[in-house]
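K.L.:
The structure is given below, and queries will be raised subsequently.
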Amino acid sequence: MEVIIRSDAHAASRLAARKIAALVRREPSAVLGLATGRTPLEIYEHLVEYHRNEGLDFSRVTTFNLDEYVGLDPKHPASYHAYMEGVLFSKINIDRGRIHLPDGLATDIPKTCRDYEARIRAAGGIDLQILGIGSDGHLGFNEPSSSLSSRTRIKTLTDRTRKDNAAYFGGEESVPRHVITMGLGTIMDANVCLLLAFGRKKAAAIAHAVEGPVTAMVPASVLQMHPRAIVVLDREAASELKRAEYYQWVYAHKPDWQKH
Ligand code: PGA
């Protein structure tokens, strides 16, 4: 795991956005795994800015989102379809046929999950997966106790996650209980995993995921087994890491050729 600690969330988001933009420039038909929530918002703002000001071209990029709520209409403002449309898709030149999100309205959920996995395979796999982390250590919506080798499937949200996401729904009671999420095995198949976490509220989950044992009780800890996992943090999210100084020294002394 490479742990990169920046002074604040703005600097961390800029660094992550630069990495994604560099990949799209290098590989114009890159396959990106996208995440929703508060954490990646600024990354998407930067990508839109690079598109508008630097001509970053998304026309051949393919995207797969991590998850979606079951039973929520794509037009519902709290759906991840609506989120992605609002923050990114409507603002860049992406080909709509190359956008993929799990279908929360599917009547045959096991089939839609199998199809999602098949579409990822048909696209040649995910080159870079953006990830946030839940305060309970979840990755995507793989809540604690998720199989570390799970594939795309239905999951039941924990009360903690429903509380964390209550603001989007005007109250916890309206947050759906079920979601479709890529599995941890699906996420682990991505060539690069880019995990971001900001703020004090994420510090314990990050410490457990990065420095604790690999356990289904902290799903994000599975990234310790990933050959190219990059964890980008602000100071607050890094505040419970025992080896923070070491990670900072490593990054500061990285040879230039390794930085991209
Ligand atoms: P957040 O969500 O970015 O809104 O904190 C992250 C997550 O639940 O994975």
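The values are calculated or read from the model by the stated rules, or taken from the named source; none is laboratory data. Since this is a predicted model, take the numbers as computed values, not measurements. Heads up, the Cβs are rebuilt from the backbone with ideal geometry, glycines too, and the neighbour counts pull from every protein chain shown. Surface accessibility is based on the protein's heavy atoms, side chains included, excluding ligands, DNA and RNA. Shrake-Rupley method; radii C 1.70, N 1.55, O 1.52, S 1.80 Å.
K.L.:
Which helices, taking whole DSSP H runs in the chain, have alpha carbons extending 18 angstrom or more along the helix axis plus mean Kyte-Doolittle at least -0.5?
P.N.:
Correct list, ordered by number: 9-26.
K.L.:
Tell me the GluC sites (Glu not before Pro) within the stretch 14-53 that lie in a loop according to DSSP and have at most 11 other beta-carbon atoms within 10 Å.
P.N.:
Passing both the DSSP loop test and the Cβ count: no residue.
K.L.:
Where the only charges are on Cβ atoms (+1 Lys, Arg; -1 Asp, Glu), what is the dipole of the chain about its Cα centre, to the nearest 20 debye?
P.N.:
Roughly 360 debye for the chain.
K.L.:
Something else about it: How big is the Cα convex hull of the stretch 150-260 in projection, averaged over all directions, in nm²?
P.N.:
Spelled out: convex hull of the Cα atoms, projected over all directions, averaged, 8.2 nm².
K.L.:
Can you list which of the trypsin sites (Lys or Arg not before Pro) found in the stretch 156-260 are DSSP loop residues with at most 14 other C-beta atoms within 10 Å?
P.N.:
R177, R228, K242, R243, K259
K.L.:
Per residue, how much accessible area does the chain show when a 1.4 Å probe rolls over the protein heavy atoms, in square angstrom?
P.N.:
About 45 Å² of surface per residue is accessible.
K.L.:
Just want the answer: with Cβ charges of +1 for Lys and Arg and -1 for Asp and Glu, which residue in P110, V210, G124 is farthest toward the dipole's positive end in the chain?
P.N.:
Sorting the options by dipole projection puts first G124.
K.L.:
Let me ask another. Only bridges with both residues in the stretch 103-260 count here: give the DSSP antiparallel percent, nearest 5.
P.N.:
If we restrict to bridges inside the stretch 103-260, about 40 percent are antiparallel.
K.L.:
After finding the eigenvalues of the alpha carbon gyration tensor for the stretch 16-164, what semi-axes result from the square roots of 5 times each, listed largest first in whole Å?
P.N.:
25, 17, 15
K.L.:
Same structure again: Given +1 on the Cβ of Lys and Arg, -1 on the Cβ of Asp and Glu, and no further charges, what dipole in debye does the stretch 4-70 carry about its Cα centre, rounded to the nearest 20?
P.N.:
The calculated dipole for the stretch 4-70 is roughly 260 debye.
K.L.:
Can you classify the stretch 1-94 as rounded, prolate or oblate using the Cα gyration tensor, where a ≥ b ≥ c are the square roots of its eigenvalues, rounded means a/c under 1.5, and otherwise it's prolate if a/b beats b/c and oblate if not?
P.N.:
It comes out oblate by the Cα gyration axes.
K.L.:
Please report, in Å, the Rg and the Dmax of the chain, where both are computed over Cα atoms only.
P.N.:
17.3, 52
K.L.:
Please report the antiparallel percentage of the DSSP beta bridges confined to the stretch 60-180, to the nearest 5.
P.N.:
About 75 percent, rounded to the nearest 5.
K.L.:
How big is the Cα convex hull of the stretch 140-212 in projection, averaged over all directions, in nm²?
P.N.:
Its Cα hull, projected and averaged over all orientations, spans 5.6 nm².
K.L.:
DSSP loop (so not H, G, I, E, B), at most 12 other Cβ within 10 Å: list which trypsin sites (Lys or Arg not before Pro) in the stretch 19-119 pass both filters.
P.N.:
Those satisfying the criteria are K75.
K.L.:
For the stretch 78-218, what is the Kirkwood hydrodynamic radius in Å, using each pair of distinct C-alpha atoms?
P.N.:
Radius from the Kirkwood sum: 16.3 Å.
K.L.:
For the stretch 35-91, give the percent of accessible area contributed by carbon and sulfur heavy atoms, probe 1.4 Å, rounded to a whole number.
P.N.:
Carbon and sulfur: 50 percent of the exposed surface of the stretch 35-91.
K.L.:
Could you compute the FRET efficiency for K254 and L41, with r as their C-beta to C-beta distance and R0 at 30 Å, rounded to 0.05?
P.N.:
The formula returns an efficiency of 0.65 here.
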